[in-house]
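The values are calculated or read from the model by the stated rules, or taken from the named source; none is laboratory data. Not measured: the values here are computed from a predicted model. Here the Cβ positions follow ideal geometry from the backbone for every residue, glycine too, while neighbour counts run over all protein chains shown.
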Amino acid sequence: MDTIADSLHLALALIADADERLLAIVGLSLRVSATACALGAAVGLLGGAWLAVARVPGHRLLVWASNTLLALPAVVVGLLVYLMLSRAGPLGDAGLLFTPTAMVIAQAVLVVPLIAALARRLVADAMTEGGEQLRSLGAAPMTAAMLMLLHTRFGVATVLLTAFGRAISEVGAVMIVGGNIDGVTRVMTTAIALETSKGDLPLALALGIVLLGVVGLIYGLIAVVQALSSPRAAATRQAWA
């Protein structure tokens, strides 16, 4: 128990003192995950909006594939990206393997199915409420879908926050393509795994506390967004308008 108490005390001291190594790892984690979510949003929101309104052969199969990919293991994503970026892969000459860019690509691939599936559901639900009016005004299906995304901006914010939480808390993909190189590709999840195996419990605990704080903040923001999007909050905003 003394060892646990001492490690926790040292971990809190690292956080309180804004340890340089700790801040570097946390900063890289936030940058990688934020960039990955931005890229994933560009692809996932468009893909989800298209899936909600597209009427093409195999549409149900595409929706099934999108939903199935939600359960895609992070290590499988890491393996696929590794094969693409390795010397024998089609992008091997770019020299991206074991760099933060490779980690961004892996996390972006991981969150695209999540964003697309949730965005499709958002647009589909919104279209049942306001789609007929937009179609009567002559809006093309994809235009109507994008307008519905703007209309459901609180829902979109929830989707993106959920994707960020998924990205920053995963370890398998970034471990495979990043290599967990100190000062280069070491993020919070990979550093926790490494420092624990090395027996450096204070740093591992400090990173774990920060990671829990980040994830807690994300889901706190999701709760706020959902509260703001509730019918009662909407009625209050209209009353004050």
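Points to keep in mind about this one:
- For Ala94, the requirement of being more than 20 Å from Leu149 (Cα to Cα), surrounded by 20 or more Cβ atoms within 10 Å (Cβ to Cβ), modelled with pLDDT under 95 and not β-branched (Val, Ile, Thr) is not met.
- Considering (1) under 17 Å from the mean Cα position of the chain (by Cα); (2) at pLDDT below 95; (3) surrounded by 23 or more Cβ atoms within 10 Å (Cβ to Cβ); (4) of a type in the set (Gly, Ala, Ser), the lone condition that Ala145 does not fulfil carries the number (1).
- Among the residues listed as Thr185, Thr190, Thr162, Thr196, the single one being of a type in the set (S, T, N, Q) and either surrounded by fewer than 17 Cβ atoms within 10 Å (Cβ to Cβ) or farther than 22 Å from Val75 by Cβ (or both): Thr196
- Test: residue in the range 148-169 that is in a loop (DSSP other than H, G, I, E, B), within 19 Å of Val32 (Cα to Cα) and modelled with pLDDT of 90 or more: yes
- Among the residues listed as Val111, Val56, Val32, Val75, the single one being more than 15 Å from the chain's Cα centre (by Cα) and either assigned to a helix (DSSP H, G or I) or among the hydroxyl-bearing types (Ser, Thr, Tyr) (or both): Val75
- Filtered residues of the range 1-23 (kept if surrounded by 15 or more Cβ atoms within 10 Å (Cβ to Cβ) and either of a type in the set (Val, Ile, Thr) or assigned to a helix (DSSP H, G or I) (or both)): Ser7, Leu8, Leu10, Ala11, Leu14, Ile15, Arg21, Leu22
- Selection status of Val75, β-branched (Val, Ile, Thr) and in contact with a Gly (Cβ under 7 Å, 6 or more places away or on another chain): yes
- You will find that of Gly58, Gly47, the residue that is surrounded by 12 or more Cβ atoms within 10 Å (Cβ to Cβ) and either in contact (Cβ under 8 Å) with a residue 60 or more places away in the chain or not charged (D, E, K, R) (or both) is Gly47 and no other.
- Whichever residue in the range 111-142 is of a type in the set (D, E, K, R) and surrounded by 13 or more Cβ atoms within 10 Å (Cβ to Cβ) and, among such residues, is modelled with the lowest pLDDT: Arg135
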